[in-house]
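Working notes for the structure below.
The values are calculated or read from the model by the stated rules, or taken from the named source; none is laboratory data. All values reported here derive from a predicted model rather than from experimental measurement. No Cβ is skipped: glycine too gets one built from the backbone with ideal geometry, and neighbour counts run over all protein chains shown. When the accessible area is computed, the model is the full protein with side chains, heavy atoms only, and any ligands, DNA or RNA have been set aside. Shrake-Rupley method; radii C 1.70, N 1.55, O 1.52, S 1.80 Å.
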Amino acid sequence: MTSTTLTGRTAEDSTTPNRTRAISWWAGLGFAFLAFAAYLVISWIAAGEPARVPPGPTPLPAYMKVSLTIQQWGLFAGMLALIWFKAIRPRLRTGTVPFDGLMVLSFALMWWSDPFYNYFTPGFNYNAYFINLGSWVGHAPGWMSPNPTQIAQPLIFAVQSAATVAMAARGLRPSVVLGHSVGEVAAAAAAGIYGARAVKVAADGTVYILERQGSTLRAVDPNSGIITTLAGTGERAYGGDDGPALAASFDAPKELAIDREGNLLIVDTENHAIRRVDIRTGTVATIAGSGRQGGDGDGGPARAAALDRPHGAAVAADGSIYVGNTNNHRIRKLARA
């Protein structure tokens, strides 16, 4: 049996997950777009410009009226149905909004951008038979086309977007990764699980679920039945040591163990490391594996040793940790310091 001595962990600079920064950046950009849209609409109303653009002196044939009516109300009803089935209902059932639901919400909120095509084309057409109050685009910085209030922007699209904002304000919460949100709290029976790989039950009855595809660790409270995300951002990466477990990143972990103190040991397979989540402080640290793929380091510090896609870990009665170092075809032992 190959032995690796377990020594004190060395400090490692905490890495802020790139994906978290990207999400914050996009959220800020989205808020800026909505703020700009609000500015346009408020300026338009304050100027007293909302007024219906008439359809003109030539009567529309009956078939066109029917077609436009179906188009107008069909699009509105269809979008509300998509919002319900792709965003609202999944949120009620699982506590999260899936990616396609986010796309639906994003599309529904882009109604105000339509007339901006006039920045790039010499003409822009809407059929004035649609219910409308003209357009607000004349208040956009740099707008040059004459008579912007005569663009017959369909009002039904604005109502659709307002309904989207109202529904979003009632608690829709996007998921950072497919399956669940980072740090989310939801009923376990209705929660989405993204590639469960290992399950362990603690002495107090808490059920811990390790998600390989989600690269997160989740916990189910035995009394309330509530599931929470305990560790992992959902990003497949290696970072966050010596910091909050929720800010740490893992890469497709495959196994989970609980040590004698109740701490959680995560076999971070694709990072070639064993990580420990301190159950008291909520922090994460690497206790074995340098991140290099290999089999060297016996007899030295566990953090300096190389592992090769470990798949398993078990804790002995004396506190030693045995690791299945898969690609090296070995069992390695982390002895207590």
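Key figures
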| read-out | value |
| --- | --- |
| Cβ-Cβ FRET estimate between LEU29 and LYS65, R0 fixed at 41 Å, reported to 0.05 | 0.55 |
| Theoretical FRET efficiency, 1/(1+(r/R0)^6), r = Cβ-Cβ of ASP298 and ALA202, R0 35 Å, to 0.05 | 0.65 |
| Surface accessible to a 1.4 Å probe, TRP84 within the full protein complex, Å² | 110 Å² |
| Largest-first principal axis extents, alpha carbons of segment 225-337, Å | 40, 30, 23 |
| Volume in Å³ per residue [convex hull over Cα atoms, computed for segment 271-312] | 76 Å³ |
| Charge context of ILE209, other residues only, Cβ under 10 angstrom, K/R +1, D/E -1 | +2 |
| Solvent-accessible heavy-atom area per residue, rounded to whole Å², over segment 233-284 at 1.4 Å | 30 Å² |
| Computed label-point distance, nm, for sites ILE42 and ARG336 using a 7 Å Cα→Cβ extension | 6.3 nm |
| Semi-axis lengths, Å, segment 276-337, gyration tensor of Cα atoms, sqrt of 5 times eigenvalues | 19, 14, 12 |
| Probe 1.4 Å, protein heavy atoms only - accessible area per residue of segment 38-87 in square angstrom | 65 Å² |
| Inter-label distance for ASN223 and PHE76, nm, one decimal - labels placed 7 Å from Cα along Cα-to-Cβ | 5.0 nm |
| Cβ-defined net charge surrounding LYS254, 14 Å radius [Lys, Arg +1; Asp, Glu -1] | 0 |
| Farthest positive-ward along segment 219-337 dipole, Cα basis, beta-carbon charges - from SER249, GLY300, SER290 | GLY300 |
| Length added when fully stretched, THR281-THR58, from 0.36 nm per residue minus Cα-Cα | 72.8 nm |
| Residues ASN327 and ARG89, FRET efficiency given R0 of 41 Å [Cβ-Cβ distance, rounded to 0.05] | 0.40 |
